[in-house]
Structures are given as C-alpha cells and as structure tokens.
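The next block holds one structure in the form of structure tokens; read it before the comments.
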Amino acid sequence: MLWKTIYGRKELVRTLQEAIHADKVAHAYLFYGPEGIGKKTIAQVFATALNCLDGQKGCGVCLSCRRAAAQIHPDIHYIEPDGKTIKIDQVRRLKKYAYLKPRESRYQIFILQQADTLTTEAANSLLKVLEEPPVGSIFLLLAENLSALLPTIRSRCQEFAVSRLDRESMAEFLRAQGRMTGEQIAEIMVWAEGIPGKALELTDSQARQQLYQEAVAYLKALAAGKGVSSLAAKLAETEDLTAVLDAMILALRDLLILPAAGKHPEVLAGKGSLLCGQLTEKWHRSACLAAIPVLLKLQRDLQSPINVRLALENAFWDLKEVYNRANSCGNSL
Amino acid sequence: MTYQALYRQWRPQTFAELVGQEHVTKTLQNALRQGKLAHAYLFCGSRGTGKTSAAKILAKAVNCEQGESVEPCNQCAACQGIQAGRVMDVLEIDAASTRGIDEIRDLREKARYAPVEVRKKVYIIDEVHMLTAEAFNALLKTLEEPPNQVLFILATTEPHKLPATITSRCQRLDFRLIDFDVIKKRLAEVIAAVGRACEEDALNLIAEEAAGSLRDALSLLEQVLAYAQGTVSSEDVLAVLGTVGRDVFYELTAAILNRDLAKALLLLQDVAVSGKDFQHFTQQAILYFRDLMVVLACGERAERLGIAADWAPKLYQQAQALGLGEIGRILSILHELLSEIRWSNRPRLLWELAVFKIFAFEDLAEPPTYTQTAATTEIVPEKQVDVPQAPEVAVPQQITAREQLVRQWPRILDEVKKESIKCHALLLSGELGNFDGKNLEICFEGQFHYDMMEGEQNKKYLENVLERIFGKKIRVCCSLGSKPEKVKNVEQENNPEELIQTALEIFRGQLIDESEKE
C-alpha cells in the first residue's frame with residue numbers, strides 16, 4: 001500500500017481515499033504547504049492510486065503502479081516551471097493533452113508543480129480547462145505560496161493544506177530513515193519545524209551545529225566592530241550561504257525569545273542556550289528585532305540576480321547600524 | 001457518467017435559478033421579451049457570481065426552438081446541444097488562451113457567415129481581459145456593428161483591464177457578490193439533494209468563507225462533504241479550512257494581557273505544527289481584534305455589528321483590559337504583518353516578530369492585570385513601577401518610563417522622519433532629557449536648534465508621533481544647554497584606531513607615518 005508512505009496527515013489521506021472509494025474524485029485539487037513538506041509525495045501517491053489496476057488501492061505492485069513509481073506512466077504528466085515560471089506555452093501543450101482521452105488508464109493526471117509560479121497569462125489560460133475539464137482529466141496543483149495564485153484558480157480547486165508533521169509522525173518518519181539515535185531525532189525535530197524535507201537535509205548533526213556556530217561567529221564579529229567589508233567578502237564565498245543566513249536568523253530569533261523560553265526549550269533552534277548565550281551580552285533585544293527584517297530582506301534580494309557580495313555588504317552595514325543604534329540607546333541609560 | 005464537481009452539477013440552467021443576480025436577469029429577460037436585445041453584452045463581476053452561467057443561459061434563450069423566450073426550455077435539441085457544447089454556432093472562446101490578433105482575425109472572418117443550426121450565432125468570450133491590446137483593437141469594428149445574426153457576450157472578472165473603446169460598445173452588466181443568505185439557502189438545497197445533513201453553524205461558516213462566491217461555497221461544501229463522516233459539523237468545516245477556532249485568539253490575547261510571552265510563542269508553535277495557513281490566521285487575528293474594538297466601542301449594541309452573543313462578555317472583558325489605544329496599535333502591527341506574510345516563506349518567524357513588537361510596547365505601561373477594569377492604562381512615573389508576575393519573561397524588574405522611552409526612541413525617530421525630515425534632523429541634534437510619563441524634556445546645545453524645535457509645528461510632529469505610539473498625550477518641552485550625562489554619538493564611541501581601520505578598509509589604503517617622511 002502506497003498510502004503508508006505518507007506519514008501523519010491521517011485526515012487528508014482519509015479524505016482522498018474516501019473520494020476514490022465513493023467515486024467522487026473532483027477534477028482539480030490544490031495542495032499547498034511550505035517547501036519540502038511532501039506535497040509532491042502526496043500528489044504522486046494519489047495519482048498512482050487513481051490509476052492503480054488493483055481496485056484503485058495504490059497497491060504499488062501492479063504494472064500501472066510500477067510505471068508511476070518510475071515516472072514513466074503515460075497518463076501521469078508532470079509540469080515544472082520552465083526557468084522560474086510556468087509559461088503559457090506549457091499550459092497550451094498541457095491542454096492539448098487534456099482534451100485527448102487517457103491513453104490506457106481511467107484518468108489522465110496533470111501534476112503542476114509550483115503552480116504559484118504560473119505567469120498571469122498561463123494561469124488565465126488554465127482557467128477554462130480547470131473549470132470544466134474533459135472527462136477523465138484531473139489536475140493536481142502544488143503550491144507554496146497561496147496568495148501568488150489567482151483567486152479564480154483557487155475557487156476552481158479543492159484546497160488542501162499539507163500540514164507540518166506533528167511530533168509522533170515526525171519521529172516515526174525519522175526512525176524510518178534509519179541509523180539515528182533518539183537524541184539526534186529530537187534535535188532534528190526542533191530545526192525541521194515539522195517539515196520532512198528539511199529534516200532530511202539536516203540529518204548531519206555536526207554540520208548543523210557548525211552552521212549555527214558559524215552564524216554566531218558572524219554576529220559576534222559584527223558586534224565587535226570588525227571590518228564589515230571583509231566579513232561580507234568572507235561570507236560571500238561561503239558555499240551554503242543561504243544556510244548560514246538561515247542560521248543567523250534562527251540565532252537572532254533564539255536570542256529574542258531566549259528569556260521567554262526558559263521552561264520550553266523546544267521552541268529554540270540552537271541547542272540549548274550555550275551558543276546564543278555568548279551573544280546575549282552583545283545583541284540587545286531591540287537590535288535583534290531590527291536585525292531580523294534586514295536579514296529577511298537580504299534573503300529575498302538574493303533570490304534575484306544581483307551581486308552577492310554587494311548585497312551582503314550592504315546588509316551588513318545595515319546590521320551594524322542597527323546594532324549601534326540599539327546600543328547607543330542602551331548606553332544612555 | 002463520471003462524477004462532476006458540485007458546482008458543475010448545480011450550474012444554473014435557467015434565469016430563475018441564477019440566484020442573487022435579479023438585476024441582471026430582469027434586464028436580460030425584459031430585453032428578450034421586448035425583442036430589444038443588444039448585440040454585445042459585457043458581464044463583469046467577481047469569481048463565482050454567475051457570469052459564465054448567465055452567458056450560457058442567454059445563448060440558449062435566444063436560440064431555443066420554442067421561440068425566443070424569457071426562459072430557455074432546456075428540452076429542445078438546440079438547448080441541449082448548447083448545453084453540451086455541440087452546437088457549432090455557439091462558440092465559447094477562452095480568451096486567455098486564444099488571445100492573439102490572429103485568433104480575433106479568424107473570428108471576424110467567420111462571424112460574417114450565417115448561423116447553421118440555430119437562429120443566432122453567439123460568441124461567448126470568457127476571461128476577455130486577457131486579450132492582447134492588438135486583439136482588442138482588431139475586435140472593435142466587429143463589436144461595434146456586428147453582422148445581423150451575431151451576439152457577443154464578453155465575460156471577465158477584471159473589467160478595468162478592458163480598453164474603454166471595448167466597454168463603450170457593450171451593454172455592461174455588473175454581477176454582484178451573492179448575499180450570505182442566498183448562498184446559505186442554496187447550500188441547504190444542495191445538501192438536501194445529496195442526502196446529507198449539516199449543522200446550521202457549519203452552513204454559516206461555509207457561507208461566510210465563500211464571501212459572495214457561490215462556486216467557492218460549493219467547492220468548499222464538496223470538500224467538507226468528502227471530509228466529514230455523517231452529519232457535517234462546524235469542526236469539520238474548520239478542519240477543512242485549516243483555520244483555528246476563536247479560542248486560540250482569546251488565549252493569545254490573554255497571553256498578551258498577562259505578558260506571558262512563552263505562552264504566546266507556544267500558541268504560534270501549535271499553529272505552525274498543525275499546518276494552518278498563516279495568512280489566513282493573520283486575517284482571522286485581525287478580525288478578532290476588530291471585534292474587540294467593536295465591542296469596546298459599542299458595548300451592548302455590538303451584537304448588531306455581528307458579534308456573537310455568547311462571546312460578547314468575554315470579548316468585552318479583554319477589550320477593556322487592553323484599551324482602545326492598544327487594540328489599535330496591535331491592529332496596525334497585524335496589518336503590516338499581513339502584507340509582509342503574503343510574500344514570505346517564513347510566516348512563523350514574522351509572526352513571532354510581530355508578537356514581540358506587541359509585547360515590547362507592553363513594557364511601557366503598567367501591565368494591566370486580567371481582572372483590571374480601568375479602560376485606560378497609565379504610564380507610571382519613575383521609581384514606582386513594579387512588574388507584577390511575569391513568569392519567565394525577560395522583563396527587567398524595574399522599568400522606568402524613561403527606559404521605555406529610550407527603547408522606543410529609534411522607532412519614534414523613524415516615525416517622525418516619515419512626518420517631517422526637518423524635525424527628525426532637529427531631534428538628532430538634541431538629547432533626551434527627563435521623562436516622567438507625561439512630560440518629555442529635550443535638551444539642545446545650540447540656540448538655533450532650540451528655537452526651531454520650540455516652533456509649534458515641529459513640536460506638534462513629535463507630540464503626534466508620541467501619542468500614536470504610546471496611545472496617550474505626552475507634552476514635549478525643550479531646554480537649552482548641554483546635560484552632564486549626554487548621549488554619546490555613535491561616531492564618538494568608536495575609538496580612533498577603529499576609525500582608521502574602517503577608513504583603510506573603505507579606501508583600500510595603507511598607513512603612512514608622517515613623522516617618518518620628515
């Protein structure tokens with residue numbers, strides 16, 4: 001049974017199974033949730049089950065299921081962004097298929113990955129087919145950012161939130177990956193925030209702590225007034241830049257809520273207060289509060305094609321200013 | 001026959017079934033009755049209000065074999081053919097896909113031919129706002145004086161994107177958002193027809209969520225029907241919507257009132273873990289605080305503004321403890337949050353920041369305890385402040401009004417800058433003097449700055465901002481002469497070595513010792 005490969009989300013699974021069972025499958029579904037949450041897995045299992053030859057159970061052994069697993073099923077189509085967006089030509093091609101009969105199975109299924117990247121034109125040209133698709137065509141839309149989708153698209157789909165995993169399901173999921181101690185699992189869970197995809201990236205615990213330490217080091221250096229430009233240059237050459245920035249944000253956030261988290265260490269990302277304890281002296285809370293938006297903006301900026309080093313330098317100067325300002329206020333007391 | 005989505009099964013087939021758009025149906029039916037149908041109609045309105053349905057019904061009505069009548073018979077070959085999309089004289093064009101000038105040229109060419117099967121050739125151009133500018137212009141002549149037997153129906157959700165030359169050639173009919181009660185009635189009909197039962201509350205929730213769109217309502221209903229086992233309850237709807245109940249916000253507000261930051265963060269954690277959509281969560285939060293505001297402002301009459309009776313007393317208690325100023329401040333923070341969250345992939349972090357902002361202010365005033373009934377919170381003068389039970393919260397035990405002001409000072413400066421850059425510059429050259437919660441003293445060294453700040457206008461800017469941030473009037477006075485303990489400027493703080501170091505870095509220079517040269 002393929003459904004077993006979906007951890008947690010019992011309600012979602014039940015609803016989908018029920019729809020298949022009662023033969024009331026809608027023509028368009030929208031699964032949304034953050035990156036790495038498992039939208040694609042769900043869509044794949046659902047699509048496979050719909051076309052499964054063994055009573056639509058999703059047996060995983062019949063010819064159809066095996067083809068689907070290898071992603072060579074002729075009736076399950078994947079549409080991915082071409083470059084950064086899904087273009088109108090891709091949608092036109094899709095529609096050409098949609099108005100044909102499924103080749104061999106009962107349903108023809110289109111899985112639109114990152115449907116929130118549909119261009120306005122592409123999204124609009126999808127509207128008609130999404131409203132009244134030909135018999136046997138089913139659309140599965142996957143999206144991270146709901147608000148980037150046209151309301152007219154959303155109103156044509158059944159929307160399902162793909163939720164973060166609760167503790168038990170997450171633990172189960174991690175145990176299923178094997179070779180992990182209970183302690184490691186507990187630690188990963190804090191970082192992954194219930195996102196299995198993130199958890200898989202994080203399985204290397206040493207690297208994780210190293211990242212965090214690196215981030216703390218940068219923050220300390222900034223506070224100590226070291227040369228901003230050289231810091232930025234150093235960071236620009238780091239390979240996992242986004243990860244370090246992530247860690248910096250997490251560290252600042254930890255600092256912010258550290259005092260409040262006394263009894264509930266599970267809300268903290270850094271392991272214990274040891275690491276960020278080094279920072280509490282230096283980074284005032286108001287500084288943290290102002291610094292996080294700076295880093296968030298930097299991350300957003302970095303997604304567009306710009307000079308990484310310049311952007312970093314600019315952000316670091318901002319950080320420093322934020323830091324100085326907060327501290328000059330503190331000194332005046 | 002495979003299963004069809006509810007909104008397709010229940011697509012209205014006659015004008016009578018087209019609920020909530022009486023002004024449209026009446027116009028069309030009268031035109032039909034008097035034989036004064038225009039040659040081009042523009043249907044606009046929000047999603048799910050019945051534009052496409054109305055277009056199809058109109059196409060049937062003009063072509064019905066029973067003769068042009070106010071309602072299509074839905075029995076004859078023409079009606080059924082149009083229904084199934086078989087009649088080649090009724091063309092439903094998806095303007096979003098066929099949006100170029102070539103397609104419109106083709107349409108123009110073919111529009112000249114007489115209809116084959118039915119009396120009138122009907123072009124239904126859906127999503128017409130997506131046509132390119134050239135295509136629109138190519139359509140103009142045909143749309144102005146189409147051949148005799150042609151009827152154009154344009155439908156769009158975004159009429160403002162159409163060129164004025166198009167709109168002026170059509171009879172424009174605006175579709176309204178469908179009333180709450182109408183949607184509810186329709187939902188009840190559907191539920192009865194599929195043989196399921198549904199609680200009244202659940203119906204209310206669905207109708208509310210649909211916000212005037214019948215298709216949204218039916219989509220949601222379908223989803224809820226698939227999810228729920230047996231009778232549909234309001235919990236089922238909440239679960240499908242991925243929203244939280246009101247009690248979460250009640251607890252959040254309670255946490256704010258008790259200054260229990262940990263509690264608030266844990267609440268957010270719960271929301272994140274259960275996979276709720278934070279954008280929706282934010283909208284709900286805004287609604288909740290709006291309710292608080294309404295309750296406080298209207299008291300007993302709040303029910304008329306849509307506050308549930310059983311919640312009113314609880315809300316009133318919280319609203320009173322918070323005070324109007326604070327509620328307003330929280331609302332503006334949440335609004336800011338909403339626009340940020342839309343484009344962010346870290347909604348939880350943003351929420352945490354927002355919660356923190358909300359709490360930061362609390363430090364200023366004496367935190368109202370939960371049972372306290374005073375409507376306004378007072379800023380307590382120095383020395384008397386004593387923070388009551390704030391478990392685990394990192395609030396220093398003694399907070400003076402001045403410390404609070406200092407903490408808020410950067411924000412105040414930012415706000416002032418938005419109002420007047422001049423005033424901001426003046427403040428930068430001044431220093432904070434005494435502050436007892438009601439009067440704020442600002443010290444200036446130079447006579448010029450002092451005079452400028454004393455000028456009514458500049459003072460007013462600062463006072464306005466202070467009032468906005470602290471939610472109460474604070475008087476500003478200026479004084480001349482330097483204070484002994486002065487705020488050190490950032491630049492002065494840097495020791496000379498560091499300055500040199502920074503300069504070297506910026507200019508990529510090197511140190512040359514002057515004395516050696518000589």
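All of the numbers you see were taken from the coordinates with simple rules; none came from a lab. Small disclaimer: the values here were computed from a predicted structure and weren't measured. Cβ placement follows ideal geometry from the backbone for every residue including glycine, while neighbour counts extend to all protein chains displayed.
Rounded to the nearest 0.05, the FRET efficiency derived from the C-beta distance between A:Leu150 and B:Glu134 at R0 = 22 Å is 0.40.
Using 0.36 nm per residue and subtracting the Cα-Cα separation, the extra length available between B:Gln447 and B:Asn30 on full extension is 142.2 nm.
The mean number of Cβ atoms from other chains found within 10 Å of a Cβ in peptide A:159-170 is 4, as a whole number.
Taking every DSSP beta bridge that has both ends in the protein assembly as shown, the antiparallel portion is near 10%. Note on chain A: with a GNM built from Cα contacts shorter than 10 Å, the maximum mean-square fluctuation among A:Cys157, A:Cys52, A:Cys62 falls on A:Cys62.
Sorted on the mean count of surrounding Cβ atoms within 10 Å across their residues, most packed first, peptides B:434-441, B:29-36, A:134-141 read A:134-141, B:434-441, B:29-36.
Proximity of backbone amide H atoms, modeled 1.01 Å from N, is registered between B:Ile125 and B:Ile93, B:Ile153, B:Leu154, B:Ala155 at under 5 Å, excluding neighbours fewer than 5 places apart on the same chain. Computed log10 I(q)/I(0) for segment B:1-117 at 0.10, 0.20 Å⁻¹: -0.34, -1.31, from the Debye equation with unit scatterers placed on every C-alpha and solvent omitted. Does segment B:112-188 classify as rounded, prolate or oblate by the C-alpha gyration tensor (a ≥ b ≥ c root eigenvalues; a/c under 1.5 gives rounded; else a/b over b/c gives prolate, otherwise oblate)? Oblate. A Förster radius of 30 Å, combined with the Cβ-Cβ distance separating A:Glu132 from B:His23, puts the computed FRET efficiency at roughly 0.70. If you plug the beta carbon distance of B:Ala38 and B:Gln75 into 1/(1 + (r/R0)^6) with R0 = 25 Å, you get a FRET efficiency near 0.40.
Dimensions of the protein assembly as shown along the principal axes, based on C-alpha atoms and rounded to the nearest Å, stand at 102, 69, 67, largest first.
Expressed in Å, the radius of gyration and Dmax of the Cα atoms of segment A:2-161 are 14.7, 40.
Computed from Cα atoms, the angle from the helix B:312-322 axis to the main principal axis of chain B rounds to 30 degrees.
Compactness ratio for segment B:401-507: Cα radius of gyration over 2.2 N^0.38 Å (N = residue count) comes to 1.20. Of all DSSP bridge pairs formed entirely within chain B, close to 10 percent run antiparallel. Taking every alpha-carbon pair under 8 Å whose residues sit at least 6 apart, segment B:87-233 reaches a relative contact order of 20 percent. The long axis of helix A:88-98 is offset from the longest Cα principal axis of chain A by roughly 30 degrees. For the pair B:Arg475 and B:Arg196 in one chain, pulling the backbone fully straight at 0.36 nm per residue adds 94.0 nm over the alpha carbon distance. For chain B, the spherically averaged projection of the C-alpha convex hull amounts to 38.8 nm². Once the gyration tensor of the Cα atoms in segment B:246-360 is diagonalised, the equivalent ellipsoid follows with semi-axes of 24, 14, 13 Å, ordered largest first. Placing dummy labels 7 Å off each Cα toward the beta-carbon, the span from B:Glu467 to A:Glu172 is 5.9 nm. When DSSP beta bridges are restricted to pairs lying wholly in segment B:401-507, around 35% turn out antiparallel. Hey, what did chain A get for relative contact order, percent, Cα under 8 Å, at least 6 apart? Computed over chain A, the figure is 16 percent.
Helical content alone sets the calculated 222 nm signal of chain B at -16500 deg cm²/dmol, taking -39,500 (n - 2.57) per DSSP H segment of four or more residues and averaging over every residue. For segment B:180-241, the Kirkwood hydrodynamic radius from C-alpha pairs, put into Stokes-Einstein at 10 °C and a viscosity of 1.306 mPa s, yields a diffusion coefficient of 144 µm² per second.
Entry note, segment B:180-241: relative contact order of 39 percent, from Cα contacts under 8 Å with a spacing of 6+ residues. The aspartates and glutamates within cross-link reach of A:Lys4, meaning a Cα-to-Cα straight distance under 20 Å and a gap of 8 or more places when in the same chain, are A:Glu18, A:Asp54, A:Asp166, A:Glu168, A:Glu172.
Converting phi to 3J(HN,Hα) with the Karplus coefficients 6.51, -1.76 and 1.60 and the offset θ = phi - 60°, segment A:8-22 yields x, 6, 4, 5, 4, 4, 4, 4, 5, 4, 4, 4, 5, 4, 7 Hz in sequence order, with x at every glycine or proline.
Using the Karplus relation 6.51 cos²θ - 1.76 cosθ + 1.60 with θ = phi - 60°, the per-residue 3J(HN,Hα) values for segment A:59-68 come to 5, x, 10, 6, 4, 4, 4, 5, 5, 4 Hz, with x marking Gly and Pro.
Taking every alpha-carbon pair within chain A, the share separated by more than 31 Å comes to 46 percent.
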